[in-house]
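Each reported figure results from applying straightforward, stated rules to the coordinates on display, with no laboratory input. For clarity, every value in this text was computed on a predicted model and none was experimentally measured. Every residue, glycine as well, gets a Cβ built from its backbone with ideal geometry; the counts of neighbours run over all protein chains shown.
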Amino acid sequence: MSVNNRLKEIRIQQNLSQQDLADAIGSCRHTISRIERGERNPSLEMALLMSQFLEVPVETLFTLAP
């Protein structure tokens, strides 16, 4: 089972760079890039931090692919 994400779309809508998001959640830009490309799934903690910072539900950022 894979995970779909709208992270890049929502980040861009909020005029944030990958570095802005990474700094806000204590990560690195490379990790954010890999998550946006679907090469990596975030930990639960990271997904919750992203959700909180971007002020959107986790389910808006990440969904299970059928």
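The figures follow:
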item	result
Theoretical ellipticity at 222 nm over the chain - DSSP helices of four or more residues, -39500 (n - 2.57) apiece, nearest 500	-15000 deg cm²/dmol
For Leu49, net neighbour charge (Lys/Arg +1, Asp/Glu -1) across residues whose Cβ lies under 14 Å away	-3
Val3 versus Thr63: modelled label distance in nm, points set 7 Å from Cα along the beta carbon direction	1.6 nm
Protection proxy ranking of 46-56, 12-22 - average other beta-carbon atoms within 10 Å, highest first	46-56, 12-22
Length-normalised contact order of the chain in % [C-alpha pairs under 8 Å, at least 6 apart]	50 percent
Kirkwood Rh in Å, taken over the chain so that all alpha-carbon pairs contribute	11.6 Å
Tilt relative to the chain, helix 44-54 - C-alpha long axis, 0 to 90 degrees, to 10	50 degrees
